[in-house]
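Notes to accompany the following structure.
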């Protein structure tokens, strides 16, 4: 089956630049055969990167590669197609007592895009980037070969694909390890700091106690440059495994 295609203006999260792309919609792994795939194409996910990442004149969209392939409820090993979003993974795994091992600044990217950027989260100091938690990738090469890549088989391709921005081949599926949780909530502490030295010292002293940490800095103050807010988080325990409902957004009506 030939993938459907459309010509669409596409852009990343920053909405610039805008590129007119021939978007080929991939539904099945067989759509990636060399006889059906046009040359010089780039895999494209949810376009949640800034700049021109994922933009090209001809792209292979992963939006319809959104299936869960396998899950081990005992070990938390999950395999999905590349187009599954982090939000969809959270909806699936949190009620079962599992959580994403790495969470970037948004829940909307595809897991394939997260591999391409080797994303990290606010727990980078304790858990590393995404590559630390992935067991294997299924990659379709430019020649049409389907390769199962891990740390021992096709290891060069495995390592190069993390942060490779989609240039090593089409990531069709990702098999990775989730993190066990007993509560869907995260306990958060917020501390004010007076300058950059205190901010860095607080982050250093708390890095083993808190899994998540992030700081917002004031770099405009001349007297207290680097003062800020340090937010520290860790998973709660013994509570519910409830999903947090999406907040309703109200749009004010403009009277005529």
### Query
Based on the alpha-carbon gyration tensor of region 68-180 and its eigenvalue square roots a ≥ b ≥ c, which shape applies: rounded if a/c is under 1.5, prolate if not and a/b is larger than b/c, or oblate?
prolate
### Query
Can you give the relative contact order of region 4-61 as a percent, counting alpha carbon pairs under 8 Å and 6+ residues apart?
42
### Query
Using the 10 angstrom Cβ neighbour count as an exposure proxy, how do 31, 87 rank, fewest first?
87, 31
### Query
So what are the chain's ellipsoid semi-axes, whole angstrom, largest first, if each one is the square root of 5 times an eigenvalue of the alpha-carbon gyration tensor?
34, 24, 20
## Note on the structure
Counted neighbours (other Cβ, 10 Å), sorted fewest up, put 154, 124 in the order 124, 154
#### Entry: Residue with peak Gaussian network fluctuation, the chain [Cα springs, cutoff 10 Å], from 102, 119, 188
188
### Message
Within a 10 angstrom radius of the beta carbon, how do 212, 172 rank from fewest other beta carbons to most?
### Response
212, 172
### Spin-label pair residue 16/residue 33, simplified geometry with 7 Å Cα→Cβ offset, distance in nm
4.4
## Note on the structure
With the 8 Å Cα cutoff and a minimum separation of six or more residues, the chain has a relative contact order in percent of 15
### Ellipticity estimate at 222 nm from DSSP helix runs (n ≥ 4, -39,500 (n - 2.57)) divided over the chain, nearest 500
-3500 deg cm²/dmol
### Message
Output the 0 to 90 degree angle, nearest 10, between the alpha-carbon long axis of helix 196-206 and the longest principal axis computed from the alpha carbons of the chain.
### Response
80
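FYI, it's all coordinate maths here, none of it is from the lab. No experiment lies behind these values; they were computed from the predicted model shown. Cβ: placed from backbone, ideal geometry, glycine included. Neighbour counts: every protein chain shown.
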